[in-house]
Protein chains: 4
Amino acid sequence: MGPLRFAQFGAGRIGAVHAANLGTFGETQLLHVVDVNVEAARSLALRHGARVSSAEAALADPNVDAVIIASSTDTHADLAIAAARAGKAIFCEKPIDLSLRRVDTCLAAVRKARVPMFVGFNRRFDPSFAALRDRLARGEIGAVEQVIITSRDPGLPPLAYLKVSGGKFRDMTIHDFDMARWLLGEEPSELFAFGTCLVDSEVARVDDTDSAMVVMKTASGKLCHINNSRRASYGYDQRIEVHGAKGRLLAGNPTPTTVELADATAVARDKPLHFFLERYGAAYRAELAAFVDAVVNRTPLPVTADDGRRALVLAEAAAKSARTGRAVRLR
Amino acid sequence: MGPLRFAQFGAGRIGAVHAANLGTFGETQLLHVVDVNVEAARSLALRHGARVSSAEAALADPNVDAVIIASSTDTHADLAIAAARAGKAIFCEKPIDLSLRRVDTCLAAVRKARVPMFVGFNRRFDPSFAALRDRLARGEIGAVEQVIITSRDPGLPPLAYLKVSGGKFRDMTIHDFDMARWLLGEEPSELFAFGTCLVDSEVARVDDTDSAMVVMKTASGKLCHINNSRRASYGYDQRIEVHGAKGRLLAGNPTPTTVELADATAVARDKPLHFFLERYGAAYRAELAAFVDAVVNRTPLPVTADDGRRALVLAEAAAKSARTGRAVRLR
Amino acid sequence: MGPLRFAQFGAGRIGAVHAANLGTFGETQLLHVVDVNVEAARSLALRHGARVSSAEAALADPNVDAVIIASSTDTHADLAIAAARAGKAIFCEKPIDLSLRRVDTCLAAVRKARVPMFVGFNRRFDPSFAALRDRLARGEIGAVEQVIITSRDPGLPPLAYLKVSGGKFRDMTIHDFDMARWLLGEEPSELFAFGTCLVDSEVARVDDTDSAMVVMKTASGKLCHINNSRRASYGYDQRIEVHGAKGRLLAGNPTPTTVELADATAVARDKPLHFFLERYGAAYRAELAAFVDAVVNRTPLPVTADDGRRALVLAEAAAKSARTGRAVRLR
Amino acid sequence: MGPLRFAQFGAGRIGAVHAANLGTFGETQLLHVVDVNVEAARSLALRHGARVSSAEAALADPNVDAVIIASSTDTHADLAIAAARAGKAIFCEKPIDLSLRRVDTCLAAVRKARVPMFVGFNRRFDPSFAALRDRLARGEIGAVEQVIITSRDPGLPPLAYLKVSGGKFRDMTIHDFDMARWLLGEEPSELFAFGTCLVDSEVARVDDTDSAMVVMKTASGKLCHINNSRRASYGYDQRIEVHGAKGRLLAGNPTPTTVELADATAVARDKPLHFFLERYGAAYRAELAAFVDAVVNRTPLPVTADDGRRALVLAEAAAKSARTGRAVRLR
């Protein structure tokens, strides 16, 4: 088999990351870049020896084996459906869509076309989180009992973004819901959430929240907590703590350097890396490599469209719980 | 004024700690030890130059200025009421009682007698937790937004104890509820709790839980999470994390030594101190010193009977929420 | 046997520490306090129920079993000799004397009198250093190969003190030489030292140094490094690192609390404890307890007068090496 | 100016690293690969679109702007001289040569040809070490007083390698001597070294040492310590500690992940990265980028051939000191 050939939708910040990573694999090739911003598409295509195309042309090209969907969220589902119909393997940024109904339509099309569809839950590929889960799987702490996920962004996105984001639970916490499912090894059966506005009261005016705490329970009684904030002045705070019958595994925040200053004031170390591009650089590369590997070798994908759907179900439940002040039963 | 003279009720494990601490203050004197276990009372009295007395005799002694109530929980309220009527200052181990009604009766008697009553929420006096709160108060991280309390015991107590403990929320989480109130600087207005049995299924048979997650919200939208387990195989896990507008303060677990071993396997440090007697040794001494200081100088107590009551209200709400699966509104 | 009864010489800062620790053992009693500063002696004696005496009277008292010598360095040897002749067990602050000749005279008197003589190398009783050595002894890192000792004071003592201190190697590094011998498990056979003035040029005017680096080798080729400074603006820096065939053991600096602040600048923890009274509080208590225990039970002392002598030999060699720029062969 | 075009000598492990890094810069091109192992040369050339050439052909090619010398140590000086005569900019792996005389000959040729020559002291480009030095330069700890360098390899190289390595001081410690000069900001004026065999007695049979401790002093009295071992069972131990008038800066060992396991035994974290390829991956890339940048922009090199010479002078002095047991005065 020759190299895996790609068309990429979206030439923005994340698109640039995926295209650059593709270029380091050797056994892949980027053929088309599609973006409504033609200038961005041209620049990215030029850098990676691809051509600027329309979505139709890219999907009609029989040389294209796979697509990367990194365009704006509202286009994901339609592009995935079209790619599925064209028989292309799909790597889709999260979320598939903000509407569960549309996600279901998309998944039906993908199932029907029997193409593999990967959802970009990059955190599963973070070296520390991946190592933590491997060690859970090896039984280092026995049966999982409680999972605690800290997930705090360094700063509030623009209000214009928040308005179309689907709300903090669908936009931000969805990653944490995926981590929770992945680490609990069992689906949550009940969920309660508080969402409040502590960072900026403008957030309430676009009917969103900037701070949240979620608790979940599984059928067997495992517990999970997620805490979120849109502002962590000290950088991107992404930590996991898993308590099992025989011990505790943590994964903390990596730092730019190991330098430590001791002076008359304190002993000070680096803040965590600033945000997702810094923190998850290795994860972005690893997730795309995992996708390529699974498609080339026809092995099961490590994250599927169904995982994307299930995380969205939890996000919707959290939004509902936060709105109503009541626990939500799942399934 | 001469030394502050004490009668002590309870000559068990915690009673021994308090009596020993009293002996180091210089300006205090232990006159009476009262315990249904006469042998324990005799041994403790002998060690500290006190005499064994009945509760009645001890409270009738006009030389007694203050009492320490460290007997079994079911005797706290009655002893506090009797001590209040006798005009003694009261240092009472938590909880005042497992029944809110009886707590209210007790508090009414104390208020009527106008005696000071301190409730032994020792954790407020832990050097790290106290330093954290001082730094909050100095504004180091701006306005408090979220509080996360990890509180995990090293091992399950005997089932016989659990049966009379009032349940995990009243027995164990009550400390965390006090910490939450103390750190949030605002009363919780809503609470949701999950309680499950993951450590030992026998716990369910005595109608209790061994694992729990609580979330709380205040009127202004501040959030708090508490996680509990009756088993942390690596020792007593007592950590606090406070997120504010300008940063984050953590207080971690102290360790017996600073020794670190690097070998072909890992880089390993000490586990946390084993349990409350080791971890909170300094806190037990500091809380009693604070009581003595406030009584001698007629200054306000840093922890009051009302704090004891409010923590119990939260514990009852948690028990109710865990039982019903619904959020509980407070006040 | 009744309680071990003490006379104490020296009512200064360290004397107060020892007297207070004695008071916590129960099975000991302080009978006499001797100090040229009668006011200090009176105050200390009063606090511990002892009486102020002359050295002669204290040593002539047949009820005195043991002495604590915590007076000024120039009196240690004479007092130890007199105590030995009076048949008292001796706990002597380091150094025995600044002159090796006088130390030898003292040790001869002690040997002749067959009384136990303990030298106060308190660091051996620091919980972290003691745990490190126990773990070495248990073979956790195999055979010891290299020892690295960091020993830095928070600030320069007064020049008046430096003038009579015997020089940095005898006054400060002598502790590190004792640690080196204790950890290497083998006597150094060769030593090289640099001593310079970096903190304050006035130190050079009293013919002393404020900064030093020492390296030592044993007959079997084990290596040891010591670094010293009279100024560590971040507190008392006392660390040990031992490299063995199978790994590395470190002991770091304990801190007042476990609090950590993350803000827009850095992640900051406490500085080390300020100086020896804070850092070695537990060690001072443990060393005196070990002395009492050995005297009462007639077991070998864990630190002997000979250990004091050997550390002084190394200090003299270091002073000579730093002065001459040449390595010194020992023994 | 077009891309900077390279010939590379040496297609071994480090050669492969440099060639791969070149390929990521964009503005560079690899034209020739030269190696006596034709198979290795062919494989590397193929991977990077270069051709296999003889040294003569590569240097005669007028399209070649610069050379990377990553062949065996004994060829460095001759290749550098030939490259200098051909007018090529030179990136040379350390050491330039094991003989100071030959280094001087080489430097004379380079000076005469007025070509830039960079010596690959990769550690200066390690993100943590580079950040530490920047912070020194910014005055965060005031004037530098003491530098402590820990430099320990994970395991002994083959004896066959040791025989031609020039000895531990020239082969291994030379990196630490460069770090020392770079951090002290002043040349050492006096040096003392112990070298012993603790890891493997076979090392003594090839007249080398596997363990060492060095101390150095500068004219102004600054001090530096280096400790080395050929075996650190817990991984590559590369740490720096700098003490200044106002504080201390440390740079520690990075780890593969941030995962921490707490169980009934201990709280365990990752060992350091295994060896130089893992630890200094970013440094290798950054040093080559710095070379390219300086050559392209005709700015001064951050590490020069003279730095290579001075580190060798210190290595020779250390070997002499360890052999004679005497301090060596420099300059």
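The table below gives the values:
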quantity: Selection status of B:Ala19, of a type in the set (A, V, I, L, M), under 24 Å from B:Tyr280 (Cα atoms) and in a helix (DSSP H, G or I); calculated: yes
quantity: In segment D:292-303, the residues that are closer than 28 Å to D:Asn253 by Cα and touching a Pro at 6+ places or on another chain (Cβ under 8 Å); calculated: D:Leu301
quantity: Which numbered condition B:Leu261 misses (of (1) out of contact with any Ser or Thr (no Cβ under 9 Å at 6 or more places or on another chain); (2) away from chain C (no Cβ under 14 Å)); calculated: (2)
quantity: Any pair with Cβ under 7 angstrom, 6 or more apart, that starts in segment B:212-223 at a residue that is without any contact (Cβ under 8 Å) to a residue 24 or more places away in the chain and ends at one that is assigned to a loop (DSSP other than H, G, I, E, B); calculated: B:Gly221/A:Cys197; B:Gly221/A:Leu198
quantity: Residues of segment A:11-64 that turn out to be in contact with a helix residue (DSSP H, G or I) (Cβ under 8 Å, 6 or more places away or on another chain), surrounded by 19 or more Cβ atoms within 10 Å (Cβ to Cβ) and among the hydroxyl-bearing types (Ser, Thr, Tyr), as a count; calculated: 1
quantity: Qualifying positions in segment C:201-238 - under 11 Å from C:Pro188 (Cα atoms) and of a type outside the set (D, E, K, R); calculated: C:Val215, C:Met216, C:Thr218, C:Ala219, C:Ser220, C:Gly221, C:Leu223, C:Cys224
quantity: Residues of segment A:181-207 satisfying the condition of being within 13 Å of chain B (Cβ to nearest Cβ), farther than 14 Å from B:Phe194 by Cβ and under 20 Å from the mean Cα position of the chain (by Cα); calculated: A:Glu186
quantity: Complete set of residues in segment C:264-280 that are farther than 23 Å from B:Glu140 by Cβ and within 12 Å of another protein chain (Cβ to nearest Cβ); calculated: C:Arg279
quantity: Scope segment D:199-220; condition hydrophobic (A, V, I, L, M, F, W, C) and either at positive phi or buried (at least 24 other Cβ atoms within 10 Å of the Cβ) (or both); matching residues; calculated: D:Ala212, D:Met213, D:Val214, D:Val215, D:Met216
quantity: Check on C:Ile69, within 20 Å of C:Gly2 (Cβ to Cβ) and touching a strand residue (DSSP E or B) at 6+ places or on another chain (Cβ under 6 Å); calculated: no
quantity: All helices (runs of 4 or more DSSP H) inside segment C:271-331 with 2 or more residues being at negative phi and free of Cβ contacts under 8 Å to residues at least 24 places away in the same chain; calculated: C:281-297, C:305-324
quantity: Some residue of segment A:123-136 being within 18 Å of the chain's Cα centre (by Cα) and over 18 Å from D:Val259 (Cβ atoms); calculated: no
quantity: Selection status of D:Thr304, surrounded by fewer than 20 Cβ atoms within 10 Å (Cβ to Cβ), more than 17 Å from D:Met179 (Cβ to Cβ) and polar (S, T, N, Q); calculated: no
quantity: Residue tally, condition in a loop (DSSP other than H, G, I, E, B), modelled with pLDDT of 95 or more and over 17 Å from B:Asp35 (Cα atoms), over segment B:65-95; calculated: 4
quantity: Sole exception among (1) crowded, with 20+ Cβ neighbours inside 10 Å; (2) farther than 12 Å from D:Val267 by Cβ for B:Val267, by number; calculated: (2)
quantity: Residue match in segment B:243-251 (condition: of a type in the set (A, V, I, L, M), surrounded by fewer than 19 Cβ atoms within 10 Å (Cβ to Cβ) and within 14 Å of chain C (Cβ to nearest Cβ)); calculated: yes
quantity: Matching helices (runs of 4 or more DSSP H) fully within segment A:115-208 where at least 1 residues are modelled with pLDDT under 95; calculated: A:159-163, A:202-205
quantity: In segment A:81-116, the residues that are basic (Lys, Arg) and free of Cβ contacts under 8 Å to residues at least 12 places away in the same chain; calculated: A:Arg101, A:Arg111, A:Arg114
quantity: Every residue from segment C:33-69 that is more than 14 Å from C:Gly10 (Cβ to Cβ) and touching a residue at least 40 places away in the same chain (Cβ under 8 Å); calculated: C:Leu59, C:Asp61, C:Asn63, C:Val64, C:Asp65, C:Ala66
quantity: Residue match in segment A:236-251 (condition: out of contact with any helix residue (DSSP H, G or I) (no Cβ under 9 Å at 6 or more places or on another chain), in contact (Cβ under 8 Å) with a residue 60 or more places away in the chain and hydroxyl-bearing (Ser, Thr, Tyr)); calculated: no
quantity: Those residues of segment C:104-118 which are closer than 25 Å to C:Val17 by Cα and touching a Lys or Arg at 6+ places or on another chain (Cβ under 8 Å), in sequence order; calculated: C:Val115
quantity: Filtered residues of segment D:213-231 (kept if facing chain C (nearest Cβ under 7 Å), part of a loop (DSSP other than H, G, I, E, B) and hydrophobic (A, V, I, L, M, F, W, C)); calculated: none
quantity: Candidates A:Asp178, A:Asp237 - the one that is buried (at least 21 other Cβ atoms within 10 Å of the Cβ), within 27 Å of D:Leu261 (Cα to Cα) and either among the small types (Gly, Ala, Ser) or more than 14 Å from chain D (Cβ to nearest Cβ) (or both); calculated: A:Asp178
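The values are calculated or read from the model by the stated rules, or taken from the named source; none is laboratory data. Values in this document were obtained by computation on a predicted structure and should not be read as measured data. We place every Cβ from the backbone using ideal geometry, glycine too, and count neighbours over all the protein chains shown.
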